[in-house]
Amino acid sequence: MRKAWLVAGAALGAGLSFVMLLVVGVYVVAGNLAGGVGGATRSLAKGAVPAAYQALVQKWGNLCPAINPALLAAQLYQESGFNPNAQSAAAAQGIAQFIPGTWATHGVDGDGDGDKDVWDPNDAIPSAASYDCSLASYVKDVPGNLTDNMLASYNAGAYAVIKYGGVPPYKETQNYVKTITTLEESFAAPTSRVDPSKQAAGAIYYAQKKLGTPYLWGGTGTAAQGGRFDCSGLTQASYESVGITLPRVANDQYNAGPHPARSELLPGDLVFFSKDPTNSRAIHHVGIYVGGGYMIDAPRTGAVIRFDPIDTSEYFGATRVTEDGAKALPTTV
């Protein structure tokens, strides 16, 4: 398949349209990748968790069989966006968003320094894992998937899970379970090649039509902005054109699906750039991969939307956008 992408790269140089080639290529690869095998153990994707918390999430994410590091990371991202100072209107506090009553019962001294501090990730992350495992122990005899039942208990209470013999028929609870298990995929290192997006060619087609458009910081392509974009505004609009709503900023767009390796990139993948290779929250630029080592991107003030090489010293990684992955992202983190 690499040869096909090199052909696409040559078409770039010639300025030819290659959208149909991408459509064919994406579906050929989709057929080739069907039936890939996954593993039960989940390790964290590169840089998906800020380096300051990675060891904690990796360690405590293995506290019991109902959780894993990627699932714990998904919960922390959903709750606070990894912000240790987060505080909600409902008085939920810290990186894991414990309310005071729950913290009083389930907070643990994770770092062994003699106190339990909800604002300290060294206590709050172990407490989040410990609370998950406590919930799992309450519902361990309930039929169905233990992790789903644990997450449902987190949202609706263990009594509701026991009463209904599994995830209760509450829309909010069912959505919460789906959201966290979907987000888990964006924090886990893939164990096999990941399926191509069916919307990839359409997103590229949209971005192609914007080639030559001047960059605008904060631009999302509105008429008032003269149809101009910044980097994440372009990727957001490109996927919006095929029915997928991405967050506004690049570092949240990174969590819209699983993360293929550089050698596994396909046209339509989002490619990300950062000065910090250990932290997806530090991502500062994004483009749409088109094959042959190139992306379409809106680079900076004074430039236009164009083709650029992706292999720079700041290349961070890639995301294969999925509908479920995009829908699972919190609107504010």
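Just give me the residues in segment 197-247 being of a type in the set (Lys, Arg) and farther than 15 Å from THR319 by Cα, in sequence order.
The answer is LYS209, LYS210, ARG228.
Take segment 167-181 and flag every residue that is crowded, with 17+ Cβ neighbours inside 10 Å and either over 22 Å from TYR77 (Cα atoms) or at pLDDT below 95 (or both).
Correct list: VAL167, PRO168.
Given the residues ALA45, ALA73, which is the only one that is within 25 Å of ASP252 (Cβ to Cβ), open to solvent by less than 10 Å² (accessible area, probe 1.4 Å), of a type outside the set (Asp, Glu) and at pLDDT below 95?
ALA45
Six or more apart or on different chains, Cβ under 9 Å: which pairs go from a residue in segment 311-329 that's under 19 Å from LEU44 (Cα atoms) to one that's among the acidic types (Asp, Glu) and in a loop (DSSP other than H, G, I, E, B)? Could you list them?
Close Cβ pairs satisfying both conditions: PHE316/ASP276; ALA318/ASP269; THR319/ASP269; ARG320/ASP195; ARG320/ASP269; VAL321/ASP269; THR322/ASP195.
Got at least one residue in segment 101-116 being surrounded by fewer than 15 Cβ atoms within 10 Å (Cβ to Cβ) and in contact (Cβ under 8 Å) with a residue 24 or more places away in the chain?
Among the residues of segment 101-116, not one is surrounded by fewer than 15 Cβ atoms within 10 Å (Cβ to Cβ) and in contact (Cβ under 8 Å) with a residue 24 or more places away in the chain, which makes the answer no.
Just the residues that are among the β-branched types (Val, Ile, Thr) and farther than 30 Å from GLN78 by Cα, please, taken from segment 287-333.
Residues satisfying the conditions are VAL290, THR301, VAL304, ILE305, THR312.
Each row is one residue, and each column tells you yes or no for (1) at pLDDT 95 or above; (2) within 21 Å of LYS327 (Cβ to Cβ); (3) not assigned by the TED database to the domain that holds THR181.
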residue: PRO214; (1), (2), (3): yes, no, yes
residue: CYS231; (1), (2), (3): yes, no, yes
residue: ALA237; (1), (2), (3): yes, yes, yes
residue: THR245; (1), (2), (3): yes, yes, yes
residue: ASN255; (1), (2), (3): yes, yes, yes
residue: LEU270; (1), (2), (3): yes, yes, yes
residue: THR278; (1), (2), (3): no, no, yes
residue: ILE283; (1), (2), (3): yes, yes, yes
residue: VAL290; (1), (2), (3): yes, no, yes
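Which of the residues that make up segment 304-328 are more than 19 Å from ASP195 (Cβ to Cβ) and either open to solvent by 10 Å² or more (accessible area, probe 1.4 Å) or not in a loop (DSSP other than H, G, I, E, B) (or both)?
VAL304, ARG306, PHE307, ASP308, PRO309, ASP311, THR312, SER313, GLU314, TYR315, PHE316
Among (1) open to solvent by less than 50 Å² (accessible area, probe 1.4 Å); (2) in a helix (DSSP H, G or I); (3) at pLDDT 95 or above; (4) under 19 Å from THR191 (Cα atoms), there is one condition ILE67 misses while meeting the rest; what is its number?
(2)
Taking interchain pairs and intrachain pairs at least six residues apart, which have beta carbon atoms under 9 angstrom, with the first residue in segment 50-72 and without any contact (Cβ under 8 Å) to a residue 12 or more places away in the chain and the second part of a loop (DSSP other than H, G, I, E, B) and of a type in the set (S, T, N, Q)?
ASN62/THR41; ASN62/ASN68
Give segment 81-99 a look and list any residue that's in contact (Cβ under 8 Å) with a residue 12 or more places away in the chain and either buried (at least 22 other Cβ atoms within 10 Å of the Cβ) or not aliphatic (A, V, I, L, M) (or both), or say none.
Passing the criteria: GLY81, PHE82, ASN83, PRO84, ASN85, GLN93, GLY94, ILE95, ALA96, GLN97, PHE98.
List pairs: first residue in segment 138-157 and farther than 20 Å from LEU183 by Cα, second residue open to solvent by 50 Å² or more (accessible area, probe 1.4 Å) anywhere in the structure, Cβ distance under 8 angstrom, at least six positions apart or on different chains.
TYR138/ILE162; VAL139/LEU146; VAL139/ILE162; LYS140/LEU146; VAL142/ILE162; GLY144/VAL167
The values are calculated or read from the model by the stated rules, or taken from the named source; none is laboratory data. Treat the numbers as computed from the prediction; the structure is a model and nothing was measured. When we count neighbours, we look across all protein chains shown, and the Cβ atoms used for this are built from the backbone with ideal geometry, even at glycine. To get the accessible areas, we keep the full protein, side chains included, count just its heavy atoms, and leave off ligands, DNA and RNA. Shrake-Rupley method; radii C 1.70, N 1.55, O 1.52, S 1.80 Å.
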